[in-house]
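Peer 1: One structure is given below, represented as structure tokens, and several questions about it will come after.
The values are calculated or read from the model by the stated rules, or taken from the named source; none is laboratory data. The structure presented is a predicted model; accordingly, all values stated were derived computationally and were not measured. Using ideal geometry, Cβ is built from the backbone for each residue, glycine included, and neighbour counts are taken over all protein chains shown.
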Amino acid sequence: MPLRGKRLTAGVTAACGLGFLLFGYDQGVMGGVIGSSTFVKQFNHPDALTQGLITGLYDLGCLIGSIAAFFFSEPIGRKKSIWQSEVSSAQHRGQLVTIEAALIICGLAMSNWVCFGASYIASSFQWRGPIAVQCIFALYLLITVPFLVESPRWLANHKSIAEATKVIAQLKDLPEDDPEVTSITREIEVALEEESSADAWHKIFTNGGEQNFRRMMLGVGGLYMQQMCGINSIGYYLPVILEQYIGLSNSLSLILSAVAATQFFVISFAPVWFIEKAGRRNCMIWGAVAQAIIMALLCVGFALDTKPALAMMVAMFFLFDDAFALSFLNVPWMYAPEINSLKMRTKGGAAAAASNWLFNGIVVTVTPIGLDKLRWKYYLIFVVLNISFIPLVYFCYPETKGITLEQIDRIFVGKGTGLGALTQGVKESLHLKRDIDQHELNSDEESGIKDDGDNDAHGEHIEIAKA
């Protein structure tokens, strides 16, 4: 019997989550093994430039995969490219993607602990073992993904409305003729009719009435900000930084890195409880503010180079992870598929992923050289970058919290002129969000009044009975 309702959503989330866990494990494993004695000996004591190039090659492979997805993920379907947002409801989309983003950090923590355990092995398994563990996650995906459903939006576009309706009913655990299923199906049909002129892949590089190019660039920009905030100058290299620049032992560096990653993982679940209340824009804006302040304090600790200052620097590494976990960890990953139109969603998502790997690769490649040549001044670059994100998000990024994918399409109707082309949809989304919040508030108040009325009637009935 096929999975339905919450079980099916859980299955999709688990499969997507394992992909993110693999991603996180990949990010942490090289930082853990690159300083190990057998790795250093095997690769002839690599200098800062070589360390950066070795780590950056992973990101180059991911960049190539993202570019391939840009061209091939739409024809092969969402299931094969593992996409979550199109099978999630507007009310829970942010929470589900937040869980997946938290699993990135779970993978990061796992890699740090595995590297710490392997550090006690004298053979080349000290670095080969942690790298080989990645195969386990990939095998899980190969086994589970074929049993999951295809996106109903993709089916409606490439197969038939009937197949899309069947999957919607399966996801909602409702009959195919249920009014809710019918309403969702109709919304998808309307969106397809409105986007009927957007078939050609090159349409994503044009704005027109739907602002395809700008919407793609919003997703690209989100992942650019995520990577250029400085997180992977820490995540990839924290064991190396603690050992080479703060003077801790290799063992203690690995332990502290693993503890930091574990705390990072725990904190990364916090947005599950507030992401659908705070909204995407607020998370990014206040996240950038916090990250800029923490990076500035990190620079101070590094520059003073005293024992208390270096201890403060270590604390700032932990705090930066926390600030990132509450903001830029999850929002950019959910924003790219949310903001792009139905027919351009996989292309926009692939472009955003390519942005992630491009800037990720740049950061991890230059970090060893930057720290070696600039020391504390290297982190000053990230202070400036984080400050620059604040006006960018405020003026250019529409809110997508609680808004259906079809409603998001409509806020981009009318491309605007001049600066209006860059800000189109921002005010519209905020007005729509306000209306949705007010509707929810009114619904809660009506529910409360009804409950109070029931309670009053019940109390009156008791008093009459007593009399």
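Peer 1: Does Ala296 satisfy the condition of being more than 22 Å from Ile387 (Cβ to Cβ) and either surrounded by 21 or more Cβ atoms within 10 Å (Cβ to Cβ) or of a type outside the set (Val, Ile, Thr) (or both)? Give the steps one after another, and end with the answer.
Peer 2: On the way: more than 22 Å from Ile387 (Cβ to Cβ): no; either surrounded by 21 or more Cβ atoms within 10 Å (Cβ to Cβ) or of a type outside the set (Val, Ile, Thr) (or both): yes.
Against the criterion (more than 22 Å from Ile387 (Cβ to Cβ) and either surrounded by 21 or more Cβ atoms within 10 Å (Cβ to Cβ) or of a type outside the set (Val, Ile, Thr) (or both)), Ala296 does not qualify.
Peer 1: Being under 25 Å from Ile246 (Cβ atoms) and outside any helix (DSSP H, G or I) is the filter here; which residues of the stretch 267-310 pass it?
Peer 2: Within the stretch 267-310, the first condition is being under 25 Å from Ile246 (Cβ atoms), and the residues that meet it are 267-268, 290-310.
Correct list: Ser268, Asp305, Thr306.
Peer 1: Residues that are over 27 Å from Met216 (Cα atoms) and of a type in the set (Asp, Glu): does the stretch 328-341 have at least one?
Peer 2: Here is the first cut: in the stretch 328-341, the residues over 27 Å from Met216 (Cα atoms) are none.
Scanning the stretch 328-341, I find no residue that is over 27 Å from Met216 (Cα atoms) and of a type in the set (Asp, Glu), so the answer is no.
Peer 1: Would you mind finding the one in Val289, Val331 that is surrounded by fewer than 18 Cβ atoms within 10 Å (Cβ to Cβ), within 30 Å of Ser429 (Cα to Cα) and in contact with a helix residue (DSSP H, G or I) (Cβ under 9 Å, 6 or more places away or on another chain)?
Peer 2: Values: Val331 fails: surrounded by fewer than 18 Cβ atoms within 10 Å (Cβ to Cβ).
It is Val289.
Peer 1: In the stretch 299-316, how many residues are among the aliphatic types (A, V, I, L, M) and crowded, with 21+ Cβ neighbours inside 10 Å?
Peer 2: First, the residues of the stretch 299-316 that are among the aliphatic types (A, V, I, L, M): 300, 303-304, 309-316.
Filter once more, keeping what is crowded, with 21+ Cβ neighbours inside 10 Å: 313, 316.
Selection size over the stretch 299-316: 2.
Peer 1: Follow-up. So which of Leu326, Leu374 is surrounded by fewer than 18 Cβ atoms within 10 Å (Cβ to Cβ) and in the same structural domain as Trp286 (by TED's automatic domain parsing)? Spell out the reasoning first.
Peer 2: On the way: Leu326 fails: surrounded by fewer than 18 Cβ atoms within 10 Å (Cβ to Cβ).
Going through Leu326, Leu374 in turn, just one is surrounded by fewer than 18 Cβ atoms within 10 Å (Cβ to Cβ) and in the same structural domain as Trp286 (by TED's automatic domain parsing): Leu374.
Peer 1: Now a separate question. Without any contact (Cβ under 8 Å) to a residue 40 or more places away in the chain and under 22 Å from the mean Cα position of the chain (by Cα): is that true of Leu304 in this structure? Walk me through how you get there before you give the answer.
Peer 2: Working: without any contact (Cβ under 8 Å) to a residue 40 or more places away in the chain: yes; under 22 Å from the mean Cα position of the chain (by Cα): no.
Taking the combined requirement at face value, the residue does not satisfy it.
Residue by residue, here is whether (1) over 18 Å from the mean Cα position of the chain (by Cα); (2) in a helix (DSSP H, G or I); (3) among the hydroxyl-bearing types (Ser, Thr, Tyr); (4) under 24 Å from Gln51 (Cα atoms) holds:
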{"site": "Met313", "(1), (2), (3), (4)": "yes, yes, no, yes"}
{"site": "Leu319", "(1), (2), (3), (4)": "yes, yes, no, no"}
{"site": "Tyr335", "(1), (2), (3), (4)": "no, yes, yes, no"}
{"site": "Ser341", "(1), (2), (3), (4)": "yes, no, yes, no"}
{"site": "Lys347", "(1), (2), (3), (4)": "no, yes, no, no"}
{"site": "Ala352", "(1), (2), (3), (4)": "no, yes, no, no"}
{"site": "Ser355", "(1), (2), (3), (4)": "no, yes, yes, yes"}
{"site": "Phe359", "(1), (2), (3), (4)": "no, yes, no, yes"}
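Peer 1: Inside the stretch 292-326, can you point out the residues that are of a type in the set (D, E, K, R) and in contact with a Phe, Trp or Tyr (Cβ under 9 Å, 6 or more places away or on another chain)?
Peer 2: Once the filter is applied, which keeps residues that are of a type in the set (D, E, K, R) and in contact with a Phe, Trp or Tyr (Cβ under 9 Å, 6 or more places away or on another chain), the stretch 292-326 yields Asp305, Asp321, Asp322.
Peer 1: Tell me yes or no: at least one residue of the stretch 118-138 is outside any loop (DSSP other than H, G, I, E, B), in contact with a Pro (Cβ under 7 Å, 6 or more places away or on another chain), in the same structural domain as Gly11 (by TED's automatic domain parsing) and on the phi < 0 side of the Ramachandran plot. Steps first, answer last, please.
Peer 2: Looking only at the stretch 118-138, we keep the residues that are outside any loop (DSSP other than H, G, I, E, B), and these are 118, 125-132, 134-138.
In the following step, the residues that additionally are in contact with a Pro (Cβ under 7 Å, 6 or more places away or on another chain) were identified as 118.
The next check asks that each one be in the same structural domain as Gly11 (by TED's automatic domain parsing); those that pass are 118.
Checking the rest, the ones that are also on the phi < 0 side of the Ramachandran plot come to 118.
Yes: the stretch 118-138 contains one or more residues that are outside any loop (DSSP other than H, G, I, E, B), in contact with a Pro (Cβ under 7 Å, 6 or more places away or on another chain), in the same structural domain as Gly11 (by TED's automatic domain parsing) and on the phi < 0 side of the Ramachandran plot.
Peer 1: Hey, among the residues in the stretch 203-256 that are of a type in the set (Val, Ile, Thr) and assigned to a loop (DSSP other than H, G, I, E, B), which one's modelled with the highest pLDDT? Write out each step before concluding.
Peer 2: Kept after step one, since they are of a type in the set (Val, Ile, Thr), are these residues of the stretch 203-256: 204, 206, 220, 231, 234, 240-241, 246, 255.
Subset that is assigned to a loop (DSSP other than H, G, I, E, B): 206, 246.
Values: Thr206: 75, Ile246: 92.
Within the stretch 203-256, the match that is modelled with the highest pLDDT is Ile246.
The rows are residues; the columns are (1) without any contact (Cβ under 8 Å) to a residue 40 or more places away in the chain; (2) crowded, with 23+ Cβ neighbours inside 10 Å; (3) assigned by TED's automatic domain parsing to the domain that holds Asn340.
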| position | (1), (2), (3) |
| --- | --- |
| Ile161 | yes, no, yes |
| Leu223 | no, yes, yes |
| Ile234 | no, yes, yes |
| Ser251 | no, no, yes |
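Peer 1: Residues to consider are Phe125, Phe147, Phe137; find the one that is of a type in the set (Phe, Trp, Tyr), modelled with pLDDT of 85 or more and loosely packed, with under 15 Cβ neighbours inside 10 Å. Lay out the reasoning, then the answer.
Peer 2: Details: Phe147 fails: modelled with pLDDT of 85 or more; Phe137 fails: loosely packed, with under 15 Cβ neighbours inside 10 Å.
Going through Phe125, Phe147, Phe137 in turn, the sole match is Phe125.
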